[in-house]
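I have placed the structure first, in the form of structure tokens, so that the comments after it can refer back to it.
Any read-out appearing in this document is the output of simple, stated calculations on the displayed coordinates, not a laboratory observation. As the structure is a computational prediction, the values presented were derived from the model and not from experiment. Cβ atoms come from the backbone with ideal geometry, glycine included; neighbour counts cover every protein chain shown.
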Amino acid sequence: MFETKIRWVKFAESENDLEKILLGKSCGKTRINGKAVLLVKHSDEFFLVKNKCPHQGISLEKASCEDGFIVCPWHRYGFDLKTGRGGGGLHLDNYPIEKREDGFYAGFEYISLF
Ligand code: FES
């Protein structure tokens, strides 16, 4: 049977590393496990989302954060940072972040046959 699992990938040693990705801004682009993602800091919480707007596939690098939503600079569709739900019934992929003793991990879903 097919089963959805999460592959955890370490992407930062410390919160300091997360701040380095942000470079003093609220959003910072990076690549984790070959995926272009955006690290977002909002209300002292970190989020990881796909760095590609589901509306027209444009980078969200210059997006802003408003009331828990990341807002695309192009047509202003907003996507909930926690759920990815957004304008026009679209969904922005988001990835959980887990803080462990040895650093920060990003979770990527995959389908397993086992
Ligand atoms: S490209 Fe992002 S809202 Fe249109």
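Does Gly78 fit the bill of being within 16 Å of the ligand (Cβ to nearest atom) and in contact with a helix residue (DSSP H, G or I) (Cβ under 8 Å, 6 or more places away or on another chain)? Yes: the conditions hold for Gly78. No other residue among Gly28, Gly24 is in a loop (DSSP other than H, G, I, E, B) and not charged (D, E, K, R) apart from Gly24.
Of all the residues in segment 81-101, those that are surrounded by fewer than 17 Cβ atoms within 10 Å (Cβ to Cβ) and touching a strand residue (DSSP E or B) at 6+ places or on another chain (Cβ under 7 Å) number 6. Taking the criterion of being β-branched (Val, Ile, Thr) and either part of a loop (DSSP other than H, G, I, E, B) or touching an Asp or Glu at 6+ places or on another chain (Cβ under 8 Å) (or both), the residues of segment 52-91 that qualify are Ile58, Thr83.
Starting from residues that are within 13 Å of the ligand (Cβ to nearest atom), among the hydrophobic types (A, V, I, L, M, F, W, C) and surrounded by 20 or more Cβ atoms within 10 Å (Cβ to Cβ), keep the ones in segment 39-60 and report whichever is nearest to the chain's Cα centre (by Cα). Result: Val49.
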